[in-house]
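> Pasting in a structure now, in structure tokens, and then I'll have a few things to ask.
The values are calculated or read from the model by the stated rules, or taken from the named source; none is laboratory data. None of the values given here were measured: they were computed from a predicted structure. Here Cβ is always computed from backbone atoms with ideal geometry, including for glycine, and neighbour counts include all displayed protein chains.
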Amino acid sequence: MSHWLLILLMLPTVMEARIGRKPQGAPTRQNAAIEFGGKAESGQAPGTHWANQIESALAKGDLAATRRFVSSFLEEPGLAADTLLRIGISLTQHDLYSEASAVFERCIKDHPEVFEGYYNLSLAQLALQRPQDALASLARIPHTSPPEEVARTYLRGKIELALQRDAEAERDLSMAFKGAPQEENFGLDLGTCYIREQKYQPAVEVFQRALGFHKNSPFLGLGLALAQYLGGLVDESIETCGGLLSAHPDFSPARVMMAFALYIRGRIVEAAKVSAQGLSDPRPFPYLYYIHAVSLLKLQSDDYDTMENDLAQAIREIPRCGLCYLSLSKVHQRKGDMATATVDLEKAVAQDPALSEAWYNLAKVYEKAGRNDETQIARKRFEELKENKANRETEILRNEFLKALGGESSPKQEP
């Protein structure tokens, strides 16, 4: 099994849980009102009726009604900055980024002195996969205080990551983290930037420093465990995951990371145990099914039904999991079902044409079946991939981190 490939499959899902969190660093809505002289609304301020309607519709999950109410809300004159920011943030929390962008644009138009309008507009545009627009919104800010400049530098670095401008991203994220190391997201994104550049020791150092401010942050802990693992500190990664699970027993990504690191370390019995524990959760992380199955395979288990069921579930939940089909082929070969194993391998290379082990095994089963021409094709493909294996894994690593950070993924679709 290629250990890089499983980590890469895990990354988008592992990171997804925290990417949608609102980056810190900009002043809070309350602080913005104080800092810029905003006044709290009293009585029936402009837009109060429609703002209440929007919030009620969001609470009910009625997104169609929400969109109608947003249109009416934006037609109201004299909307306060505090109201606009509150509604815009509520919309982003329900992934209504287009509507949120319109609300923040109105905030900028009516209240051009309010920093948060520009900052939140830029965030919404980044979520919509419009990084150039997001940069332009940051550049429109007329003036900033020192804390606001740190926040703007951070968000610019995050956008530069999406644009694959790694050197600039590292510079800006480093400046932001230096200016405000207590901000959790600043450490998360700088550490992830270093991992993306394969600078694992700097990533470890950033995550460790950030954890000094947020000792109980599961995401910083996970970032540290991942950087340790990729940097060859497998035992340290296992220890970090153990601490994470002690503090956050339901944090499934840490269980996946730990089970996988145990598997790679050759501690297969422990890997099987940790993954099995995770599968007892109400909503287990899909990669646990895969790790549990391959651990049982490694242990020479004859519990074929469990392995087949685990891998079938993993295939349903993990996009294009060539490794899942490769492992399923091994189960079927153990059972003596070579025809099904061959189909599994053909699916594996269709899902991931660069999966060298699948081509190697496919050549073997073709040869046993007397399919000589196909044997030669599969063997040739394996030899090609074998020579370029290291480069291929490095390439996938970088690409998958880009996807995890939103730099190459498809635009987010609103409900």
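> Of these, Ala151, Ala169, Ala100, which one is more than 19 Å from the chain's Cα centre (by Cα), more than 30 Å from Lys60 (Cβ to Cβ) and surrounded by 22 or more Cβ atoms within 10 Å (Cβ to Cβ)? If you could, list the steps in order and put the result at the bottom.
Numbers: Ala169 fails: more than 19 Å from the chain's Cα centre (by Cα); Ala100 fails: more than 30 Å from Lys60 (Cβ to Cβ).
Answer to the selection: Ala151.
> While we're here: hydroxyl-bearing (Ser, Thr, Tyr), under 30 Å from Arg171 (Cβ atoms) and touching a residue at least 60 places away in the same chain (Cβ under 8 Å): which single residue out of Thr144, Thr92, Thr153 fits that description? Steps first, answer last, please.
On the way: Thr144 fails: touching a residue at least 60 places away in the same chain (Cβ under 8 Å); Thr153 fails: touching a residue at least 60 places away in the same chain (Cβ under 8 Å).
After ruling out the rest, the residue left standing is Thr92.
> Suppose we keep only residues that are over 13 Å from Ala339 (Cα atoms) and among the charged types (D, E, K, R) within the range 368-385. Which one would you say is surrounded by the fewest Cβ atoms within 10 Å (Cβ to Cβ)?
Asp373
> Can you go through Tyr229, Tyr194 and tell me which one is among the hydroxyl-bearing types (Ser, Thr, Tyr) and at pLDDT below 90? Outline the logic, then answer.
On the way: Tyr194 fails: at pLDDT below 90.
The unique qualifying residue is Tyr229.
> Can you tell me how many residues in the range 268-285 are more than 24 Å from Gln333 (Cα to Cα) and not hydroxyl-bearing (Ser, Thr, Tyr)? Before you say what the answer is, go through the steps one by one.
Our first condition is that a residue be more than 24 Å from Gln333 (Cα to Cα); within the range 268-285, this holds for 270, 273-274, 277-285.
Keeping just the survivors that are not hydroxyl-bearing (Ser, Thr, Tyr) gives 270, 273-274, 277-279, 281-285.
So the answer is 11.
> Go through the range 308-331 and give me each residue that's farther than 21 Å from Arg283 by Cβ, not in a loop (DSSP other than H, G, I, E, B) and not polar (S, T, N, Q). Talk me through it step by step, then tell me what you get.
Just the residues of the range 308-331 that are farther than 21 Å from Arg283 by Cβ, to begin with: 308, 320, 322-323, 325-331.
Filter once more, so that each one left must be not in a loop (DSSP other than H, G, I, E, B): 308, 322-323, 325-331.
Answer for the range 308-331, where residues must be farther than 21 Å from Arg283 by Cβ, not in a loop (DSSP other than H, G, I, E, B) and not polar (S, T, N, Q): Glu308, Gly322, Leu323, Tyr325, Leu326, Leu328, Lys330, Val331.
> Identify the single condition in (1) farther than 19 Å from Ser56 by Cα; (2) under 30 Å from the mean Cα position of the chain (by Cα) that Gly88 does not satisfy, given that it satisfies every other one.
With respect to (1) farther than 19 Å from Ser56 by Cα; (2) under 30 Å from the mean Cα position of the chain (by Cα), Gly88 is out only on (1).
> On to the next question. Which residues, counting only those in the range 235-272, are surrounded by fewer than 19 Cβ atoms within 10 Å (Cβ to Cβ) and either outside any loop (DSSP other than H, G, I, E, B) or hydrophobic (A, V, I, L, M, F, W, C) (or both)? Outline the logic, then answer.
Narrowing the range 235-272 to residues surrounded by fewer than 19 Cβ atoms within 10 Å (Cβ to Cβ): 235-236, 239, 242-243, 246-250, 264-270.
Scanning the range 235-272 gives Asp235, Glu236, Glu239, Gly242, Gly243, Ser246, Ala247, Ile264, Ile268, Val269, Glu270.
> Every residue in the range 72-85 that is in contact (Cβ under 8 Å) with a residue 40 or more places away in the chain and either under 25 Å from the mean Cα position of the chain (by Cα) or not in a helix (DSSP H, G or I) (or both), please. Full working, then the answer.
Looking only at the range 72-85, we keep the residues that are in contact (Cβ under 8 Å) with a residue 40 or more places away in the chain, and these are 80-83, 85.
Result: Ala80, single match.
> Right, Lys273: outside the structural domain of Thr375 (by the TED database) and touching a Leu at 6+ places or on another chain (Cβ under 7 Å) or not?
Values: outside the structural domain of Thr375 (by the TED database): yes; touching a Leu at 6+ places or on another chain (Cβ under 7 Å): no.
Taking the combined requirement at face value, the residue does not satisfy it.
> Within the range 279-302, which residues are surrounded by fewer than 24 Cβ atoms within 10 Å (Cβ to Cβ), touching a helix residue (DSSP H, G or I) at 6+ places or on another chain (Cβ under 6 Å) and of a type outside the set (A, V, I, L, M, F, W, C)?
Hits for the range 279-302 are Pro284, Pro286, Lys298.
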